[in-house]
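Chemist: Please see the structure below; I have some questions.
The values are calculated or read from the model by the stated rules, or taken from the named source; none is laboratory data. All values derive from a computational prediction rather than experimental measurement. Glycine gets a Cβ as well: all are built from the backbone with ideal geometry, and neighbour counts include every protein chain shown. These accessible areas exclude ligands, DNA and RNA; they are computed on the full protein's heavy atoms, side chains included. Shrake-Rupley method; radii C 1.70, N 1.55, O 1.52, S 1.80 Å.
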Amino acid sequence: MRITRISLENFLLYSDEQEVKLKDLNVLVGPNVAGKTNVLRAVTFVDRALTRRLTSTDSQSYAYDTSKPFTVKLGISLSDEEKRTLREYIILVICEQD
């Protein structure tokens, strides 16, 4: 799996929607307080949310404006084998629910 883009809105330093497009190799460069670490924190946030290591109080601290929800979107590219594995997993989960 490869992350191809990261889109953030109301997330840490990003009040307005910002999108970062990624290639095979990426270097985040910029002055202090430009938001480089926030891009990495977004990926960590998604990992923690998907692996259920995130509490509701954790997630509240990520919002730029706590009166509004924040969004983190990851664009991903999957190999053919990863797509097959994901399909099999989804079928397995659906079958377990029946």
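Chemist: Can you list residue pairs whose Cβ atoms sit under 8 Å apart, with the first residue in the stretch 1-23 being more than 15 Å from residue 44 (Cα to Cα) and open to solvent by 30 Å² or more (accessible area, probe 1.4 Å) and the second being in a strand (DSSP E or B) and of a type in the set (Gly, Ala, Ser)? Count only pairs 6 or more apart in sequence or on different chains.
Modeler: 1/77; 4/75; 4/77; 17/7; 18/7; 19/7; 20/7
Chemist: Need at least 2 residues that are among the aliphatic types (A, V, I, L, M) and at negative phi per element, so show me which helices (runs of 4 or more DSSP H) inside the chain make the cut, counting only ones lying wholly within it.
Modeler: Working: elements: 36-50, 56-60, 80-97.
Result: 36-50, 80-97.
Chemist: Residues being over 25 Å from residue 18 (Cβ atoms), modelled with pLDDT of 90 or more and within 15 Å of the chain's Cα centre (by Cα): count how many of those fall in the stretch 45-98.
Modeler: The qualifying residues number 0.
Chemist: Further, regarding this structure: Looking for whichever is under 21 Å from residue 5 (Cβ atoms) and out of contact with any strand residue (DSSP E or B) (no Cβ under 8 Å at 6 or more places or on another chain) here; the options are 51, 85, 44. Which one fits?
Modeler: Values: 51 fails: under 21 Å from residue 5 (Cβ atoms); 85 fails: under 21 Å from residue 5 (Cβ atoms).
Criteria check complete, one pass: 44.
Chemist: Related question: Only residues that are in contact with a helix residue (DSSP H, G or I) (Cβ under 7 Å, 6 or more places away or on another chain) and open to solvent by 50 Å² or more (accessible area, probe 1.4 Å): list them for the stretch 24-44, please.
Modeler: 28
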